[in-house]
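J.: Take a look at this one; I'll ask things after.
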Amino acid sequence: MEKEKIKKQQSGGNQESKQLIKTKERKPHNKLKLVGNIFITLIVVAIIIAAYVLINWGVEKLEIQDVDFTADKIYSITQPTKDKLANLNKDVTITLINMRVYTSVVDLANQYANLNEHIKVEQIDDISARPDLESKYSLTSNDSVILFASNGKDKIVETYDLVTYDSTTNATIDKTEEAFTNAILDVTVEDRPKIYFLEGHSKYTKTNLASLQTAIGEEANDVENIDILANTKMPEDCDVLVISTLSKDLTDLERDEIIKYIKNGGEILLLQDPGVTISKDYNLPNFQKVLDEYGISIEKGIILETDAQKMIQGAPNFIINDVTLNSSITKNAGMNISACFINAGAINFEKPEKMEELGVDVEYLTASTSNAFYRTNLNVISATKTDSDQDLSSSTTGAIVTKKINDEKESKLVVFSNAVFATDTKIQVANGYYIYAIDLYNNKDILLNSISYLTEREDNITIRKNVEVTTYTVTEQQHRIILTIIF
C-alpha cells in the first residue's frame with residue numbers, strides 16, 4: 001500500500017513537472033504573438049493615417065465641395081442668398097488675404113464662386129506679393145481680411161465682422177454668410193435706399209433701436225436719424241421714414257412736412273405702442289392728423305391672450321401673432337412666420353366709405369385671436385379677464401395701408417400696433433438669461449421684410465439664416481406639454 005502511494009505521489013509530481021515545463025515552453029510563444037499583434041496594429045494605424053492624409057490632400061487639390069449634414073445647413077449658402085444673387089450681372093472678386101487657416105471661410109467663398117459665374121475667388125497668403133493692396137489698405141503680414149471688389153467699388157471685411165457676441169445670452173453668432181452677401185450687395189447695388197428714423201419725439205432712443213438699425217444697414221441700406229424740426233423739412237432723398245412710438249406730439253411744422261411727404265408718395269414704417277402704456281393722458285392730435293391720411297388710429301388699451309397656443313408661458317401680454325401667409329412681406333419666405341408683440345394695442349380703421357374717400361386699401365398682416373381681451377386699466381394685475389376688461393373679437397395688430405395719391409403715385413404705410421417688439425428691450429426667459437425683444441420669434445425678419453417691401457426690393461423678402469443657440473421661449477401650451485412629459 002505504501003509503495004502504491006509513493007508511486008501515485010511520484011506520478012502526480014511527474015505530471016506537475018510536465019505541466020510546468022509546458023507552461024514555460026508556451027511563454028516565449030505568447031510574447032512573440034503579442035509583439036506580432038502590436039506590430040500589425042501599428043501598421044494598420046499607419047495605413048489609416050496615410051490614407052486619411054492622402055484623401056484630404058486629394059480632396060483639397062480637386063476642390064471637391066464639402067457636404068453639409070447639419071439640420072439647419074449652417075455651412076451651406078441658404079436659399080435667401082441664392083435668391084438675392086440670382087440676378088447678379090456684375091463681376092465681383094473676393095480676395096482672401098491671409099485666410100488659409102480659416103478653412104470654413106475659404107470653403108464658403110468657393111461656394112459663392114460656384115453659385116454665380118460673375119463671382120471669382122482669389123487667395124493671397126503673402127501680402128508682400130501684392131504691394132498695391134498692401135499700400136492701399138495699409139495691410140501687414142499679420143492681417144487676415146476679405147476684400148470684395150466690383151467696378152471700382154470695394155469693401156474690406158475683417159474676421160471680427162464674421163461673428164457677433166450677445167452679452168445677454170453669452171451666445172456667439174456666426175455672421176459669415178450675412179457678411180459675404182451684404183458685402184457683395186454693397187459693391188454692386190447702384191442706389192442704396194435711404195432709411196430715416198424720426199427722432200426728437202420718440203420714446204425709444206438710438207440705443208433701444210440699435211439692432212434694428214444695424215440689421216437694416218447690413219442689407220445694403222443707408223440708415224440715418226432725422227430731426228425734422230432741426231432741419232425744417234423732410235430730406236428729399238428719404239425712401240422710408242420709420243416712426244416709433246412718440247412720447248410727445250409733433251409740432252405743426254413736423255406734421256405738415258410728414259403729410260407733404262405722404263402726398264408726394266412717401267413710404268412709412270410705423271411702430272406705435274398703445275398710448276395707455278405711456279400715460280393715461282396720452283393725446284397726440286398732430287400725430288393723429290398724420291394717421292388720418294390713412295384712416296387709422298391706435299387703441300389705448302393692451303391686448304391680453306387667453307389662448308395657450310398664442311402666448312408665451314405665464315405672460316398673456318406677450319402675444320404671438322401669425323403673419324398672413326403669402327402676404328406682401330412673407331410671400332417669398334416659403335413658411336409661416338410669427339411675431340411676438342409685447343403690450344400691443346389694436347389698429348382701428350375708418351368705415352369703408354371713409355376709406356374709399358381717402359383712396360385707401362388695406363392688407364391685413366397680423367391679428368389677435370378671438371379669445372383675447374382688451375385692458376385699458378393697467379393698474380389691474382390679474383392675468384385673467386376682469387369686469388373692467390373688454391371682450392375682443394380678433395383685433396388687427398399689423399397691416400399694410402396703401403393710399404392712392406393719383407394715377408401715377410401712391411403712398412404705402414406698414415403699421416404695427418407695437419414698438420417694443422422692434423427694440424433691444426431685455427426679456428428674461430430664464431434665471432439670469434435674457435433675450436432682446438427683436439430676437440423673439442420672427443420679429444427681426446418681419447421688420448426687415450417690411451423695409452424691403454417699402455423699398456420695392458422683393459428679392460430681399462425672406463427668412464434670414466440663424467445660427468444662434470435656440471432659446472426657451474415656448475408658448476403656454478408647449479410649456480405644459482413639456483412639463484407633463486418630464487413628469
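The values are calculated or read from the model by the stated rules, or taken from the named source; none is laboratory data. Values in this document were obtained by computation on a predicted structure and should not be read as measured data. So basically every Cβ, Gly included, is an ideal-geometry build from the backbone, and we count neighbours across all protein chains shown. Quick note on the areas: whole protein, heavy atoms, side chains included, nothing else; ligands and nucleic acids left out. Shrake-Rupley method; radii C 1.70, N 1.55, O 1.52, S 1.80 Å.
J.: Using 0.36 nm times the number of residues separating ALA210 and ASP91, minus their current alpha carbon distance, what extension gain do you get? Walk me through the intermediate numbers first.
T.: On the way: separation 119, 0.36 × 119 = 42.84 nm, distance 3.28 nm.
Taking ALA210 through ASP91 to full extension adds about 39.6 nm, to one decimal.
J.: Within the range 259-298, which residues have the backbone N less than 20 Å from the label spot 7 Å out from THR386 along Cα→beta-carbon, could you tell me?
T.: Hits in the range 259-298 for THR386 at 20 Å: 274-282.
J.: If contacts are Cα pairs under 8 angstrom and at least 6 residues apart, what is the relative contact order of the range 85-171 in percent? Walk me through the numbers on the way to the answer.
T.: Details: 118 pairs, mean separation 28.6, N = 87.
Relative contact order of the range 85-171: 33 percent.
J.: Under 18 Å from the 7 Å Cα→Cβ point of ASN377, by amide nitrogen: which residues of the range 301-330?
T.: The answer is 301-304.
J.: With each label point set 7 Å from Cα along the Cα-Cβ vector, what nm distance links ILE481 and TYR137?
T.: 4.9
J.: So what are the radius of gyration and Dmax for the Cα set of the range 286-431, in Å?
T.: Cα only, the range 286-431: 16.5, 57 Å (Rg, Dmax).
J.: Give the separation of the Cα centroids, the range 426-460 to the range 273-323, in Å.
T.: Here the answer is 18 Å between Cα centres.
J.: Run through every distinct alpha carbon pair of the range 372-422 and return the Kirkwood hydrodynamic radius in angstroms, one decimal place. Present the calculation step by step, with values, prior to reporting the outcome.
T.: Numbers: mean 1/r = 0.0707 Å⁻¹.
Taking every pair of different Cα atoms in the range 372-422, averaging 1/r and inverting gives 14.1 Å.
J.: Could you give the length gained on full extension between GLU236 and GLN288, defined as 0.36 nm per residue of separation minus the Cα-Cα distance, in nm? Write out the running numbers ahead of the final one.
T.: Details: separation 52, 0.36 × 52 = 18.72 nm, distance 2.34 nm.
Stretched fully, the GLU236-GLN288 segment lengthens by 16.4 nm.
J.: Still on this structure, please answer the following. Lys pairs in the range 157-309, Cα-Cα under 22 Å, at least 8 apart or on separate chains: how many?
T.: Qualifying lysine pairs in the range 157-309: 24.
J.: By how many nm would the segment from ASP191 to ASP83 lengthen if fully extended, with 0.36 nm per residue of separation less the alpha-carbon distance?
T.: Stretched out fully, the ASP191 to ASP83 stretch lengthens by 37.0 nm.
J.: Tell me the label-point distance for the pair VAL163, ILE278, using the 7 Å Cα-to-Cβ offset, in nm and rounded to one decimal.
T.: 4.1
J.: Okay, next question. Share of the range 312-463's accessible area from carbon and sulfur, percent, 1.4 Å?
T.: That fraction is 43 percent.
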